[in-house]
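Take a look at the structure set out below.
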Amino acid sequence: MEKKLWFRAKRFGWGWVPVTWQGWAVTVAYIAIMAALASAVKNGATAKEYGLFFLLPGAIITTTLIRICYAFGEKPRMRWGGEEKKEEK
(Lines give C-alpha, C1' and ligand atoms only; values in the text may rest on other atoms or scores of the structure.)
Protein backbone atom coordinates (compact mmCIF):
# COMPACT_ATOMS: atom_id res chain seq x y z
CA MET A 1 0.00 0.00 0.00
CA GLU A 2 1.38 3.35 -1.04
CA LYS A 3 1.66 6.10 1.58
CA LYS A 4 -0.75 8.99 0.90
CA LEU A 5 1.11 12.29 0.79
CA TRP A 6 -0.17 15.22 2.86
CA PHE A 7 2.14 17.66 1.06
CA ARG A 8 3.43 17.75 -2.51
CA ALA A 9 6.49 19.58 -3.76
CA LYS A 10 5.86 23.09 -5.06
CA ARG A 11 5.81 23.60 -8.83
CA PHE A 12 8.07 26.66 -8.60
CA GLY A 13 10.80 27.06 -6.02
CA TRP A 14 11.56 24.86 -3.02
CA GLY A 15 9.07 23.61 -0.45
CA TRP A 16 5.69 22.00 -0.09
CA VAL A 17 1.99 22.65 -0.64
CA PRO A 18 -0.74 20.90 1.41
CA VAL A 19 -2.90 18.58 -0.71
CA THR A 20 -5.04 16.64 1.81
CA TRP A 21 -7.17 17.69 4.74
CA GLN A 22 -4.40 16.49 7.08
CA GLY A 23 -1.89 18.76 5.37
CA TRP A 24 -4.28 21.69 5.54
CA ALA A 25 -5.03 20.98 9.22
CA VAL A 26 -1.31 21.02 10.05
CA THR A 27 -0.87 24.27 8.10
CA VAL A 28 -3.83 25.99 9.78
CA ALA A 29 -2.65 24.81 13.22
CA TYR A 30 0.83 26.22 12.51
CA ILE A 31 -0.61 29.60 11.49
CA ALA A 32 -2.88 29.69 14.57
CA ILE A 33 -0.01 28.85 16.94
CA MET A 34 2.27 31.47 15.38
CA ALA A 35 -0.52 34.09 15.61
CA ALA A 36 -1.08 33.20 19.27
CA LEU A 37 2.64 33.53 19.97
CA ALA A 38 2.75 36.91 18.22
CA SER A 39 -0.22 38.20 20.20
CA ALA A 40 1.35 37.01 23.47
CA VAL A 41 4.26 39.42 23.05
CA LYS A 42 3.43 42.73 24.73
CA ASN A 43 4.06 46.11 23.15
CA GLY A 44 7.35 47.43 24.43
CA ALA A 45 8.65 43.97 25.28
CA THR A 46 12.37 43.67 25.89
CA ALA A 47 14.56 41.66 23.55
CA LYS A 48 14.78 38.90 26.17
CA GLU A 49 10.98 38.68 26.47
CA TYR A 50 10.60 38.74 22.68
CA GLY A 51 13.10 35.91 22.29
CA LEU A 52 11.60 33.87 25.12
CA PHE A 53 7.94 34.26 24.14
CA PHE A 54 8.12 34.37 20.33
CA LEU A 55 11.47 33.47 18.72
CA LEU A 56 12.28 30.30 20.68
CA PRO A 57 8.79 28.75 20.52
CA GLY A 58 8.43 29.92 16.91
CA ALA A 59 11.68 28.19 15.94
CA ILE A 60 10.54 24.97 17.64
CA ILE A 61 7.12 25.06 15.95
CA THR A 62 8.66 25.85 12.54
CA THR A 63 11.15 22.98 12.91
CA THR A 64 8.27 20.68 13.80
CA LEU A 65 6.34 21.79 10.70
CA ILE A 66 9.34 21.13 8.45
CA ARG A 67 9.83 17.67 9.98
CA ILE A 68 6.14 16.85 9.37
CA CYS A 69 6.48 18.02 5.75
CA TYR A 70 9.53 15.79 5.25
CA ALA A 71 7.75 12.81 6.82
CA PHE A 72 4.45 13.17 4.96
CA GLY A 73 5.49 14.90 1.75
CA GLU A 74 7.44 14.44 -1.45
CA LYS A 75 11.17 14.98 -1.47
CA PRO A 76 11.66 18.72 -2.01
CA ARG A 77 13.98 20.12 -4.65
CA MET A 78 14.31 23.39 -6.52
CA ARG A 79 11.84 23.46 -9.40
CA TRP A 80 11.42 25.94 -12.21
CA GLY A 81 7.97 24.84 -13.45
CA GLY A 82 7.21 23.37 -16.82
CA GLU A 83 7.14 19.67 -17.49
CA GLU A 84 9.16 17.42 -15.31
CA LYS A 85 11.58 14.96 -16.81
CA LYS A 86 10.50 11.40 -16.20
CA GLU A 87 13.22 9.32 -14.59
CA GLU A 88 13.70 5.93 -16.13
CA LYS A 89 13.58 3.01 -13.74
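Scanning segment 1-20 for residues that are charged (D, E, K, R) and within 14 Å of the chain's Cα centre (by Cα) returns R8, K10.
Pairing residues of segment 12-32 that are closer than 21 Å to R79 by Cβ and hydroxyl-bearing (S, T, Y) with residues that are exposed (fewer than 15 other Cβ atoms within 10 Å of the Cβ) and at pLDDT below 95, at Cβ distances under 7 Å and at least 6 apart in sequence or on separate chains, gives T20/K4.
Among helices (runs of 4 or more DSSP H) entirely within segment 1-72, having at least 3 residues that are surrounded by 12 or more Cβ atoms within 10 Å (Cβ to Cβ) singles out 21-40, 56-72. In segment 41-49, is there at least one residue being aliphatic (A, V, I, L, M), within 17 Å of K10 (Cβ to Cβ) and free of Cβ contacts under 8 Å to residues at least 60 places away in the same chain? Scanning segment 41-49 turns up no residue that is aliphatic (A, V, I, L, M), within 17 Å of K10 (Cβ to Cβ) and free of Cβ contacts under 8 Å to residues at least 60 places away in the same chain.
Looking for whichever is of a type outside the set (A, V, I, L, M, F, W, C), under 28 Å from V19 (Cα atoms) and modelled with pLDDT under 80 here; the options are K75, K86. Which one fits? Lay out the reasoning, then the answer.
On the way: K75 fails: modelled with pLDDT under 80.
On inspection, the qualifying residue turns out to be K86.
The values are calculated or read from the model by the stated rules, or taken from the named source; none is laboratory data. Everything numeric in this text was worked out from a predicted model, so none of it was measured. Methodologically, a virtual Cβ is constructed for each residue, glycine included, from the backbone with ideal geometry; neighbour enumeration extends over all protein chains shown.
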